[in-house]
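This report refers to the structure that appears directly beneath it.
Values quoted throughout were computed directly from the atomic coordinates according to the rules given, and no laboratory measurement underlies them. All figures in this text were calculated on a predicted structure; none of them were measured in a lab. Cβ placement follows ideal geometry from the backbone for every residue including glycine, while neighbour counts extend to all protein chains displayed.
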Amino acid sequence: MGRTQQFDFDFIVIGSGFGGSVSAHRLTEKGYRVAVMEMGRRWTPDNLPRTSWSIHRWFWRPKLGLRGFFNMRLFRHATILHGCAVGGGSITYASTLLPPPQKVWDSSSWTGLADWKAEMPQHFETASRMLGVTENKILGPADHLLKKAAESVGCGHTFYCTKVGIFQPPDAKPGQTFPDPFFGGEGPPRTTCIACGGCMMGCRYNAKNTLDLGYLYLAEKHGAQVFPETKVVDVRPMNGANDGGAGYEVSTVKSTAWIRRQPRRFTCRGVVFSASSLGTMELLFRLNEKGSLPAISRRLGKHVRTNSESLIGARMPGWHEDLSQGIAIGSGIYIDENTHIEAVRYPRGSDAMGFLTTILTNGRPGSQRIALWLKNVVASLMRHPFKTVRVLQPWGWAREFVILLCMQALEGEIQMRWQRPWFWPFKKCLVSRGKKVPTYIPKANEFAQKFAQLTGGFPMSMLPEILFDVPGTAHCIGGCVIADSPDHGVVDSRHRVFGYKNMYICDGSVVAANLGVNPSLTITALAERAMSFIPPAAEATWLDAASDSAHVTVTGAAPLAGSQRSNPAYSPRSHK
Ligand SMILES: Cc1cc2nc3c(=O)[nH]c(=O)nc-3n(C[C@H](O)[C@H](O)[C@H](O)COP(=O)(O)OP(=O)(O)OC[C@H]3O[C@@H](n4cnc5c(N)ncnc54)[C@H](O)[C@@H]3O)c2cc1C
Ligand code: SF4
């Protein structure tokens, strides 16, 4: 059985981020008819905001008229930052692409389900090549300061230049345009990085390797149809087959419309959920509740991880260099085996985040810390009134501020549930539960203090972390984790959803361990692996269902059957 013409598409991919773009490209390459439903807008260098003051083009909150690509969701346990655009989080991400330490495969529910350490390197290699990963060659003033501070606390030897998906060919001038350097001429022309520090505001110079210039570009070129501003609101099995074996009906509305939401219905044989950890959990909870997908595992929403992050930093009023220069995350250090710090920046003029930073405050979270913070602010105002006012107001923030992003590869997780929150009992929504994620990492604060001392600046914390004891994270992962059975997770080791046929999840929600590094490369590599098991369209039997397998400890790579034996990631049309 090959193509199924009675369906609108063979596969519908929900979300066009890392997992979604890989899926769309690989499925199209295998001959499937693919649609990608994406809630966010399409962005080009011409419509991207110049600075973060252009709130309506930066923030995503369509009901308030904000139609940007960056979203911030507040939960009791974390403020979750994520992207929302054609190209998913790649439009707003800082393009740091690091592989996780090998130990992540030895913990959590995915351990033993595949020989991850043997299988994953080839997929990381493919992901790195497709995302154009290179070692950052542009160190800005903030990176040099990070190095100096690391040396002063005895960990200078751990300083490294980040691996990034930014076009930085050797011996080329900034702003130089070249024909497609990544996909043998099949991709779009690219321009070299000018080190403006603007990666997280969207690259207006065609230098960041966003998905719409890579995986998704190729998918569209080979026939995938991308539907921007299209939010999926329902996915139902069709034709009386409750397990989805006879296809699915996918309902959408226009995400940016208030009224006239243009409801549409599409049919397909298979579905790939790639709406991000938060987006996929939210959609699956909703569909489970309304009875569309009642067989989803009860483990949905469990094992959500925040990468144990804390944002701190230092502001140096009147610093002689422009600290916004460089790339968004140019370098990093390890202050101990588990604690990783990166130097982060926003482009000049993008000072709106300055409203969220305040004088660094240590201490046990809660009222004590708030009191200590007030005391610190008053003491600072008395000692250096002008300087204190200057560091607390946002103007000039990006030019004078180095954000220190601290991540820890330590175990720690929360849960998401579908409940009525106490403050709004009229409607169910995602709420977080579980043990608090620490907002105060003493070693990280000590480092910020040292950093500020070296430069004569002010060590800074994030205001919401102090006031509400809620950490911020841009790296929410998990919630639909890989496991051996529906008793422990939502998908099997090939990302097939337990309880349904031809249904997959390829995004950050399947990640089953705290990675301790930025997760996009891992999400991409896992999606490459998941897609490598799907046979070419001509050989599809449409019977693919999750194996509720026993815990198999494998010593070699997982045995592949028939058509799956040759890894399609390396098929003739794949881009090496
Ligand atoms: C400011 C910032 C900086 C970051 N920097 C880095 C970095 O340097 N390195 C790194 O590795 N990671 C970084 N991240 C994190 C990274 O962006 C995410 O981990 C990554 O994008 C997750 O990939 P994904 O495939 O799970 O989903 P995403 O890339 O988030 O894509 C999911 C897509 O699904 C869409 N969607 C959701 N629900 C629906 C629906 N119902 N219907 C249709 N579409 C839907 C969303 O609009 C979104 O576009 C950063 C994140 C932020 C916010
Ligand atoms: S530093 Fe500027 S030019 Fe370079 S990738 Fe980031 S936004 Fe683009």
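Worth a mention:
- Cα pair count fraction exceeding 24 Å, expressed as % - the stretch 77-223: 45 percent
- Computed from point charges on the beta carbon alone (+1 for Lys and Arg, -1 for Asp and Glu), the dipole magnitude for the stretch 136-249 about its Cα centre is near 540 Debye.
- Length available on full extension from residue 238 to residue 258: 0.36 nm per residue minus the Cα-Cα distance, which gives 4.3 nm.
- Partners for residue 302 among lysines (Cα-Cα distance below 16 Å; same-chain residues under 8 apart left out): 435, 436
- 222 nm mean residue ellipticity, helices alone, for the chain (DSSP H n ≥ 4; -39,500 (n - 2.57); rounded to 500): -6500 deg cm²/dmol
- The peptide list 60-68, 80-88, put in order of mean Cβ contacts within 10 Å with the highest first, becomes 80-88, 60-68.
- Of the cross-linked pairs 375/450; 163/231; 254/290, those separated by over 23 Å at the C-alpha level are 163/231.
- Among 302-312, 223-233, the order from most to least packed when residues are scored by Cβ within 10 Å on average: 302-312, 223-233
- The stretch 27-132: antiparallel DSSP beta bridges as a percent of all, rounded to 5: 80 percent
- Pairs of C-alpha atoms in the stretch 173-309 farther apart than 21 Å represent 61 percent of all such pairs.
- All C-alpha to C-alpha distances of the stretch 395-439, sorted into 10 Å bins beginning at zero, yield P(r) values of 20, 27, 23, 27, 4 percent in whole numbers.
- Extension gain for the segment residue 66 to residue 371, taken as residue separation times 0.36 nm less the Cα-Cα distance, is 106.3 nm to one decimal.
- Bins of 20 Å, starting at 0 and running to the largest distance - Cα pair percent for the chain: 21, 56, 21, 1
- Net length gained if the chain between residue 180 and residue 107 were fully extended (0.36 nm per residue, minus Cα distance): 22.3 nm
- Sequence ranges 69-76, 205-212, ranked by mean other-Cβ count within 10 angstrom, highest first: 205-212, 69-76
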